[in-house]
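The values are calculated or read from the model by the stated rules, or taken from the named source; none is laboratory data. The shown structure was predicted, so the numbers you read here are calculated from the model rather than taken from an experiment. Cβ: placed from backbone, ideal geometry, glycine included. Neighbour counts: every protein chain shown. Note: accessible area is taken over every heavy atom of the protein model, side chains too, but ligands, DNA and RNA are not part of it. Shrake-Rupley method; radii C 1.70, N 1.55, O 1.52, S 1.80 Å.
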Amino acid sequence: TRVPNIGEYTIAMGGKAVNFDVQPRVEEGIALTPFRHLFESAGGFVQWDNATKTVTATNKDQKVWFAIGNMMANVNDVIVPLSFFSNALGVSIEFDARTRHALISTNTARR
């Protein structure tokens, strides 16, 4: 979904603000958000391998792997496009252009 080019915005998960070391922003209609903070806020653990520039993230149901510069990712050993993140986190994401907030709901049931 394209969103308005508003620059920086805030994110709340389960009604609580998520703190980032790099502020989420919108560029060319695409909302960009640091992955680690979202995954950890959802109860997961994230590891970074600087030598291979890869991320491995795990939670109770998922293992997510992706490499910087690679347009594909791996979720539970299945290759997926990078647009999968809301599914990998088991959340629904809505964007409120008026308030510049991304609202993440953790009530999406995992199946």
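Observations, loosely collected:
- All conditions in (1) under 24 Å from G7 (Cβ atoms); (2) modelled with pLDDT of 80 or more; (3) of a type in the set (A, V, I, L, M) hold for L103, with the sole exception of (2).
Residue-by-condition table, conditions (1) at pLDDT below 75; (2) open to solvent by less than 60 Å² (accessible area, probe 1.4 Å); (3) out of contact with any strand residue (DSSP E or B) (no Cβ under 6 Å at 6 or more places or on another chain):
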residue: L32; (1), (2), (3): no, no, no
residue: T58; (1), (2), (3): no, yes, no
residue: P81; (1), (2), (3): yes, no, yes
residue: A109; (1), (2), (3): yes, no, yes
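- Output for the stretch 1-30, where each listed residue is open to solvent by less than 20 Å² (accessible area, probe 1.4 Å) and of a type outside the set (A, V, I, L, M): Y9, P24, G29
- Cβ-Cβ under 8 Å pairs, at least 6 apart or on other chains, the stretch 60-81 side within 18 Å of F39 (Cβ to Cβ), far side at pLDDT below 80 and in a loop (DSSP other than H, G, I, E, B): D61/G90; D61/R110; Q62/G90; P81/M71
- Residue in the stretch 35-44 that is basic (K, R) and under 13 Å from the mean Cα position of the chain (by Cα) present: yes
- Search result, residues across the stretch 36-54 that are open to solvent by less than 30 Å² (accessible area, probe 1.4 Å) and farther than 21 Å from D96 by Cβ: F39, G44, V46, T54
- Among (1) within 13 Å of the chain's Cα centre (by Cα); (2) open to solvent by less than 40 Å² (accessible area, probe 1.4 Å); (3) at pLDDT below 85 - the single one E94 does not satisfy: (2)
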